[in-house]
Amino acid sequence: MSSDTSSTATTSAPAQATGSWQPDVLGADYQQLTIPLGPDPDGEGDVAGTLVRYAPAERPTVTRAVLYVHGFTDYFFQEHLAQHMAARGYAFYALDLRKCGRSSRAGQTPHYVSDLALYDAELNRSLEIVREETGLPVLVMGHSTGGLVTSLWLNRLNSAGGTRAQGITGLVLNSPWFDLQGPAYYRSVGTALIHGIGRLSAMTKLPLGVISTYGDSLHHTASGEWDYNLDWKPLTGFPVHAGWLRAIRRGHARVHQGLDVGVPTLVLRSKITKFMSKYGPAADVSDVVLDVRQIQRWSGCLGDRTNIVPIEGARHDVFLSSEKPRTEAFAELDSWLEWLSATSPEAGA
């Protein structure tokens with residue numbers, strides 16, 4: 001593929017936020033705003049994004065803002081991340097993409113899009129809202145699939161007139177999904193099959209098996225410490241459809257050609273990968289979802305300055321790791337943010 005994932009993709013209506021901020025499921029310190037996106041280009045009714053903001057009664061002084069984007073079979077629930085960023089002076093916002101988490105609607109296929117560029121509608125509007133509300137420089141954060149989505153989005157913004165011109169000063173990626181994990185033939189013959197099936201029968205569910213290893217390592221009802229909505233983030237994950245994976249592989253191909261996100265990037269990842277068919281202690285100290293060697297390899301394709309930091313004992317979501325690696329991940333994040341502020345005055349003091 002020679003250009004970004006279908007940069008010509010459009011929604012049939014402009015993204016506009018309607019109504020006012022409403023109470024959020026996370027409690028009194030959080031609010032949510034619906035961003036209607038009009039009819040779904042993939043034919044599943046009207047779609048919407050949901051922007052969440054951390055708004056405690058006693059708000060700390062803010063000098064910067066952050067927009068966080070989740071991964072596949074995921075949504076924003078990481079309150080400790082919001083609190084950490086707020087303590088560092090960031091107004092914290094998170095986006096649940098269309099058909100994900102708070103944005104899921106009856107009759108829609110969870111997380112399904114046929115083109116990752118369709119997400120530009122809710123991403124662009126969310127950025128506008130953050131800028132309108134705060135007037136502050138914005139840091140973008142993306143986890144896993146959200147890391148792929150935000151990297152491609154920033155590349156398009158940068159190509160259209162400059163990422164920094166949009167008020168964005170940096171990108172933090174938490175285990176970004178930059179290639180298809182598994183045997184090499186998945187990325188050759190397998191990808192050709194994905195493209196063919198995805199084009200002709202987009203809603204075909206791929207027979208990938210049912211594995212709950214990662215979910216079991218996280219959720220408190222299994223072997224983890226975290227509490228979240230299992231309807232929005234099931235232990236076994238959501239089914240993978242051919243059309244969606246085709247969009248992902250097109251996104252991967254674009255990354256491999258080289259991007260220019262226009263701002264410095266920090267990439268955090270686990271030190272090791274351990275693919276496991278069922279939960280065991282190793283799942284608590286490794287990435288059981290993605291191949292960290294692929295993250296290391298392709299992170300150099302983002303353009304600008306990129307720092308890649310392996311975290312010993314981290315899970316796939318490094319900020320959902322056990323206490324020691326989680327603390328290390330936050331320390332690495334803080335150190336990089338201090339560097340960013342020192343080298344990019346517009347990023348804030």
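The values are calculated or read from the model by the stated rules, or taken from the named source; none is laboratory data. Since the structure is predicted, the reported quantities are computational estimates derived from the model, not experimental observations. Note that we place each Cβ from the backbone using ideal geometry, even for glycine, and neighbour counts take in every protein chain shown. Heavy atoms of the whole protein, side chains included, go into the accessibility calculation; ligands, DNA and RNA do not. Shrake-Rupley method; radii C 1.70, N 1.55, O 1.52, S 1.80 Å.
Data table
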quantity: Among (1) assigned to a strand (DSSP E or B); (2) open to solvent by less than 10 Å² (accessible area, probe 1.4 Å); (3) touching a residue at least 40 places away in the same chain (Cβ under 8 Å) - the single one Ala91 does not satisfy; calculated: (2)
quantity: Single unsatisfied condition, Asn124 versus (1) over 15 Å from the mean Cα position of the chain (by Cα); (2) open to solvent by 20 Å² or more (accessible area, probe 1.4 Å); calculated: (1)
quantity: Subset tally (residues that are in a loop (DSSP other than H, G, I, E, B), in contact with a strand residue (DSSP E or B) (Cβ under 9 Å, 6 or more places away or on another chain) and more than 15 Å from Ile295 (Cα to Cα)) for region 226-272; calculated: 12
quantity: Within region 207-236, tally of residues that are surrounded by fewer than 16 Cβ atoms within 10 Å (Cβ to Cβ) and among the aliphatic types (A, V, I, L, M); calculated: 4
quantity: The lone exception for Ser201 - which of (1) among the hydroxyl-bearing types (Ser, Thr, Tyr); (2) under 27 Å from Leu333 (Cβ atoms); (3) open to solvent by 30 Å² or more (accessible area, probe 1.4 Å) it fails; calculated: (2)
quantity: Selection count where residues are open to solvent by 40 Å² or more (accessible area, probe 1.4 Å), out of contact with any helix residue (DSSP H, G or I) (no Cβ under 6 Å at 6 or more places or on another chain) and touching a residue at least 40 places away in the same chain (Cβ under 8 Å), scope region 252-275; calculated: 4
quantity: Hits in region 27-71 (condition: under 22 Å from Ser341 (Cα atoms) and either in a loop (DSSP other than H, G, I, E, B) or at pLDDT below 95 (or both)); calculated: Arg59, Pro60, Thr61, Val62, Thr63
quantity: Within region 212-255, considering residues that are among the β-branched types (Val, Ile, Thr) and under 21 Å from Thr191 (Cβ atoms), the one farthest from the chain's Cα centre (by Cα); calculated: Val240
quantity: Among residues of region 304-325, those that are in a helix (DSSP H, G or I), in contact (Cβ under 8 Å) with a residue 12 or more places away in the chain and not β-branched (Val, Ile, Thr), counted; calculated: 3
quantity: Single match in Tyr112, Tyr186 (criterion: aromatic (Phe, Trp, Tyr) and crowded, with 21+ Cβ neighbours inside 10 Å); calculated: Tyr112
quantity: Flag if Glu328 is exposed (fewer than 15 other Cβ atoms within 10 Å of the Cβ) and not small (Gly, Ala, Ser); calculated: no
quantity: Any hit, region 279-302, residues being among the basic types (Lys, Arg), assigned to a loop (DSSP other than H, G, I, E, B), open to solvent by 30 Å² or more (accessible area, probe 1.4 Å) and in contact (Cβ under 8 Å) with a residue 40 or more places away in the chain; calculated: no
quantity: Gly142 vs. criteria surrounded by 15 or more Cβ atoms within 10 Å (Cβ to Cβ), under 22 Å from the mean Cα position of the chain (by Cα) and more than 27 Å from Ala253 (Cα to Cα); calculated: no
quantity: Residues being hydroxyl-bearing (Ser, Thr, Tyr) and either more than 21 Å from His70 (Cα to Cα) or over 19 Å from the mean Cα position of the chain (by Cα) (or both) - total across region 292-349; calculated: 6
quantity: Selection within region 167-217 - among the polar types (S, T, N, Q), farther than 30 Å from Ser344 by Cα and assigned to a loop (DSSP other than H, G, I, E, B); calculated: Gln181, Ser188, Ser201, Thr204, Ser212
quantity: Among (1) at pLDDT 95 or above; (2) open to solvent by 40 Å² or more (accessible area, probe 1.4 Å) - the single one Ser20 does not satisfy; calculated: (1)
